[in-house]
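Throughout, read-outs are computed from the coordinates displayed, never taken from laboratory work. All figures in this text were calculated on a predicted structure; none of them were measured in a lab. Neighbour counts are summed over all protein chains in view; Cβ atoms, including those assigned to glycine, are modelled from backbone coordinates with ideal geometry.
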Amino acid sequence: MSTRPRETVLVIDPVDVSGQQARKLLAAEERRVLHASSAQEAFPLLAEMRPDLVLASLDLVDLPGLRVLNALRTRLPGVPLIAVASHPTVEGAVQALKAGAADYLGHPLSPGLVSEKVGRCLTDLRNARSLAAARNEAKDRYGFSDLLSRSPKMLHVFEQIRSVAKTDATVLIRGETGTGKELVARAIHERSRRREKPLIAINCGAFTETLLESELFGHEKGSFTGAIGRRQGVFEMADGGSLFLDELGETSLSVQVNMLRVLEDFTFRRVGGADSIEVDVRIIAATNVNLEGAVKDARFREDLFYRLNVFPILLPPLRERAEDIPILMHHFLTDAAREYDLSVPTITPEALELTLRYRWPGNVRQLRAMCERWVILCAGGELRREHLPHDIQGGAVVTENPGAVFIDDSIPLQQLVDRVSNQVQRAYLHRLLTRYRGHLQQTADAAGTTRRTVYTLMKKLDLDAENYKG
Ligand SMILES: Nc1ncnc2c1ncn2[C@@H]1O[C@H](COP(=O)(O)OP(=O)(O)OP(=O)(O)O)[C@@H](O)[C@H]1O
Ligand SMILES: [Mg+2]
């Protein structure tokens, strides 16, 4: 016995004959079949009947032609509709399909055809539903708002979001580009008491100093050339809600002074305005620059840094949570396949291994873009090593795990030698830097070379001594 609930098919047709015919036919397949002879009879009961499929006549007296399809489509989104015409024509079929019908049938109804079309529509529906269920399951299992992860470092971040969302504390989200800072900001807002109020985001790096002042605080008419009317700034727009100050590290010192002043008591004046305005706003700031470094170089005000750094959240780069890569890839590949209406490629173990070892400097955003490209490149087929960009293919020894050696014979020998040479040097320096905690002189001594050479090599190989300290 099947445990699947019976599916409900609704027939809306004035010709009860077709209703009877269809009922007999469809009931034979263990489906619940309901009949209505007019829109008036059917529509008030739609919510109660919850049909999985509707066969609708295009010859209803109270809702003739395609209007019935349009009305059903808005009331039953996602439910397949089969149009039934008393006098079928090719033109009619084209129009019905254009209006969103999944199929088109004509009287007299042929039992075989009805059964086949209904069967196909319901199978498609079932597949779509189980795909959606699988996606939701992945989200429930590995997801937190829109963030997917199962790595301990990110689970810690989720925990932080959960606790800080309950408060109004200022949050400073830090992490490399593409690590999900904006998603974290949204998750905090959505879980806070302010969720019904707006979350306003502003990219502070995208404006000149004058424009940024007016974007933040608004301006009065005529306060500067181009200020043709009074305008609200984001602090006012976010009143009662949250304000996401993105790329805060890019702001000028004078904007930082004004920002600090507002954050002290949440009152400010519009540019060119006299009245003091008070707002109730929760601040979430984000940056991908090293703010301590910027403070040291006097590019970022120390007092503002402390004012913002009340509750810091650090997003780890993707390479430090490689266990997330398969989950994210699955999610992005499925998403892109749906968007482009293509099938999801399968990934060969070798290709997967290479993506796991890659450094992903653009983090999750880069992985997402790559997945879109892969869906297009290998729709429905296999994603193999040769589909990967050269820097992901690697071609030889890989940093922290020199055990595996691939010889990539698809590139010129010299290129392979250079690549291997870089990778060996990188792996070697990585080990010494780890051992000597980023101390360049000790690393140079152990390597039998000069500090200067080590320094130059690290620049070339994109190694940062900071990462090895502490
Ligand atoms: N854990 C995650 N799960 C699902 N999608 C993610 C995750 N992290 C990031 N993304 C996706 O990656 C992309 C980049 O994320 P986001 O814009 O939040 O990064 P960011 O840290 O703000 O980057 P930038 O510093 O460049 O502004 C977005 O498309 C986002 O949806
Ligand atoms: Mg961002």
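If you plug the beta carbon distance of Lys221 and Asn290 into 1/(1 + (r/R0)^6) with R0 = 45 Å, you get a FRET efficiency near 0.65. A dipole drawn for the chain from +1 and -1 charges on Cβ atoms has a positive end, and of Leu172, Ser223, Leu58 the residue lying farthest that way is Leu172.
Cβ-to-Cβ counts within 10 Å put Phe311, Phe144, Phe217, Phe235 in ascending order as Phe311, Phe144, Phe217, Phe235, the fewest first.
Residues in region 371-387 carry Karplus couplings, in order, of 4, 4, 5, 5, 4, 6, 5, 10, 2, x, x, 10, 8, 10, 3, 5, 7 Hz; the curve used is 6.51 cos²θ - 1.76 cosθ + 1.60 with θ = phi - 60°, and Gly or Pro positions show x. Using a simple spin-label model with pseudo-atoms 7 Å out from Cα toward Cβ, Leu155 and Arg32 lie 4.1 nm apart.
Full extension of the segment from Glu264 to Arg162, taken as 0.36 nm per residue of separation minus the current Cα-Cα distance, would add 34.2 nm. Straight-line cross-link partners of Lys24 among the lysines, defined as a Cα under 24 Å from its Cα and at least 8 positions apart when in the same chain: Lys117. Inter-label distance, Asp124 to Ala206: 3.8 nm, where each label sits 7 Å from its Cα along the C-beta direction.
Report the calculated FRET efficiency for Gln442 and Ala71 (r = Cβ-Cβ distance, R0 = 60 Å), to the nearest 0.05. The formula returns an efficiency of 0.20 here. For the chain, the Stokes-Einstein estimate of translational diffusion at 4 °C and a viscosity of 1.567 mPa s comes to 47 µm²/s, using the Kirkwood hydrodynamic radius over alpha-carbon pairs. Each 10 Å bin from zero holds the following percent of Cα-Cα pairs in region 27-80: 22, 58, 19, 1.
Once backbone amide H atoms are built at 1.01 Å from N, Arg282 has Gly241, Ser242, Leu243 as its partners under 5 Å, excluding neighbours fewer than 5 places away on the same chain. Near Val289, the amide H atoms lying under 5 Å from its own belong to Gly249; only residues 5 or more places off or on other chains count, and H is placed 1.01 Å from N.
Amide H contacts under 5 Å for Leu55: Leu10, Val11, Ile12, Ile82, restricted to partners 5 or more places along the chain or on a different chain, H placed in the peptide plane at 1.01 Å from N.
Give the calculated FRET efficiency between Ala169 and Gln366 to the nearest 0.05, with a Förster radius of 30 Å applied to their Cβ-Cβ distance. Before the final figure, lay out the partial values.
Working: r = 31 Å, r/R0 = 1.04.
The pair Ala169/Gln366 has a calculated efficiency of 0.45.
As a proxy for reagent exposure, ranking Ser37, Ser276 by other Cβ atoms within 10 Å from fewest up yields Ser276, Ser37.
The order of Arg307, Arg452, going from fewest to most other C-beta atoms within 10 Å of their C-beta, is Arg452, Arg307.
Taking 0.36 nm per residue of separation and subtracting the Cα-Cα distance, what length does fully extending Ser421 through Asp341 add? Intermediate values should be presented prior to the final figure.
Details: separation 80, 0.36 × 80 = 28.80 nm, distance 4.24 nm.
Between Ser421 and Asp341, full extension yields an extra 24.6 nm.
Farthest towards the positive end of the charge dipole of region 185-309, among the residues Met237, Ser192, Val262, is the Cα of Ser192, using unit charges on the Cβ of Lys, Arg, Asp and Glu.
Net charge dipole, region 148-316: roughly 560 debye, given to the nearest 20, about the Cα centre with Cβ charges of +1 for Lys and Arg and -1 for Asp and Glu.
Within the set Lys166/Lys197; Lys296/Lys469; Lys296/Lys459; Lys181/Lys459; Lys153/Lys181, which residue pairs have Cα atoms separated by over 25 Å? Result: Lys181/Lys459 exceed 25 Å.
Computed over the alpha-carbon pairs of region 413-468, the distance histogram in 10 Å steps reads 25, 56, 17, 3 percent, short to long. Dipole size of region 409-467 about its Cα centre, with +1 on Lys/Arg Cβ and -1 on Asp/Glu Cβ: approximately 200 debye, rounded to the nearest 20. Simple spin-label estimate for Leu352 and Ser115 gives 4.2 nm between the two label positions (7 Å along the Cα-to-Cβ direction from each Cα). Sorting the segments 220-232, 75-87 by their residues' average number of neighbouring beta-carbon atoms within 10 angstrom, most packed first, yields 75-87, 220-232.
Coupling constants for region 69-84 follow from the phi torsions by the Karplus curve (6.51 cos²θ - 1.76 cosθ + 1.60, θ = phi - 60°), and in residue order they are 5, 4, 5, 5, 4, 6, 7, 10, x, x, 8, x, 10, 10, 8, 10 Hz; glycine and proline get x.
Mean residue ellipticity, 222 nm, helices only, the chain: the sum of -39500 (n - 2.57) across DSSP H runs of n ≥ 4, divided by residue count and rounded to 500, is -14000 deg cm²/dmol. The charge dipole of the chain, taken about the Cα centre with unit charges on the Cβ atoms of Lys, Arg (+1) and Asp, Glu (-1), comes to about 860 debye, rounded to the nearest 20.
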